[in-house]
1. Do you know which residues across segment 119-164 are of a type in the set (Lys, Arg) and not in a strand (DSSP E or B)?
2. With the requirement that a residue be β-branched (Val, Ile, Thr) and touching a residue at least 40 places away in the same chain (Cβ under 8 Å), what does segment 136-164 give you?
3. Among the residues in segment 29-42, are any of a type outside the set (Gly, Ala, Ser), touching a Lys or Arg at 6+ places or on another chain (Cβ under 6 Å) and either open to solvent by 30 Å² or more (accessible area, probe 1.4 Å) or closer than 24 Å to Phe106 by Cα (or both)?
4. Of all residues in segment 43-60, count the ones that are of a type outside the set (Asp, Glu), out of contact with any helix residue (DSSP H, G or I) (no Cβ under 8 Å at 6 or more places or on another chain), farther than 14 Å from Leu75 by Cβ and in contact (Cβ under 8 Å) with a residue 12 or more places away in the chain.
5. Only residues that are within 25 Å of Ile115 (Cα to Cα) and touching a strand residue (DSSP E or B) at 6+ places or on another chain (Cβ under 6 Å): list them for segment 17-38, please.
6. Look at Gly158 and say whether it is closer than 24 Å to Phe32 by Cα and at pLDDT 95 or above.
7. Please go through segment 43-76 and give me each residue that is within 19 Å of Gly119 (Cβ to Cβ) and open to solvent by less than 30 Å² (accessible area, probe 1.4 Å), ordered by number.
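The values are calculated or read from the model by the stated rules, or taken from the named source; none is laboratory data. Note that the structure is predicted; figures quoted are calculated from it, not measured. A quick note on method: Cβ atoms are made from the backbone with ideal geometry, for glycine too, and the neighbour counts reach across all protein chains shown. All accessible areas refer to the heavy atoms of the entire protein, side chains included, with ligands and DNA or RNA removed. Shrake-Rupley method; radii C 1.70, N 1.55, O 1.52, S 1.80 Å.
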Amino acid sequence: MESGVNELLEININKITEKEFLQERSSIPVLFSRDMNPRSYYIIDINGKKQWLIDQVDVGLENIPYMLYNKLNLLFVATTFNLYIIDYIKNKIVFEYDLITPCVDFFANNEFVFIICEGELLHFSIKLNRIVKYDIFSYALENLSLTTDMAIIILENGETIVIK
């Protein structure tokens, strides 16, 4: 992945133990999820440097959805029930939002970053730097197909939502 300054960016998100999390949390900022159990712990490493810890509700999702938006140097990260948008150059959270259902993935076009969750779809405006539309699905997400130019969301009732 390339950043806005034409530098190769390597992002790794790895699961860590609770003990490792407790040892690191005094020196590395933490992205939290709701206060529920059981918990899972992860570390975000950008270009070999430990940048953020993640303390999240463990709902059986073994990966942390994230997306790099190069044009604005933004890293979108979803813990189970929280969305964080981080300026990865300044290493600062620029936007935070509570999700109703766990995030599955992200999709972007020139105007929006779409936050695709199990039961909701958020439209984050790149220009306005905020969520401008919020859709609640009539049924839970059953299947998601992503290409470079579209996202196809299929709900449990067969309804299809296409984002270009």
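1. Selection gives Lys127, Lys164.
2. Selection gives Ile161, Ile163.
3. yes
4. 4
5. Matches in segment 17-38: Pro29, Val30, Leu31, Phe32, Ser33, Arg34, Met36.
6. Here the answer is no, as Gly158 does not meet what is asked.
7. Gln56, Val57, Ile64, Pro65, Phe76
Yes/no matrix, rows are residues, columns are (1) touching an Asp or Glu at 6+ places or on another chain (Cβ under 6 Å); (2) modelled with pLDDT under 90:
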{"residue": "Ile16", "(1), (2)": "no, no"}
{"residue": "Ile64", "(1), (2)": "no, yes"}
{"residue": "Phe81", "(1), (2)": "no, yes"}
{"residue": "Asp87", "(1), (2)": "no, no"}
{"residue": "Val94", "(1), (2)": "yes, no"}
{"residue": "Phe106", "(1), (2)": "no, no"}
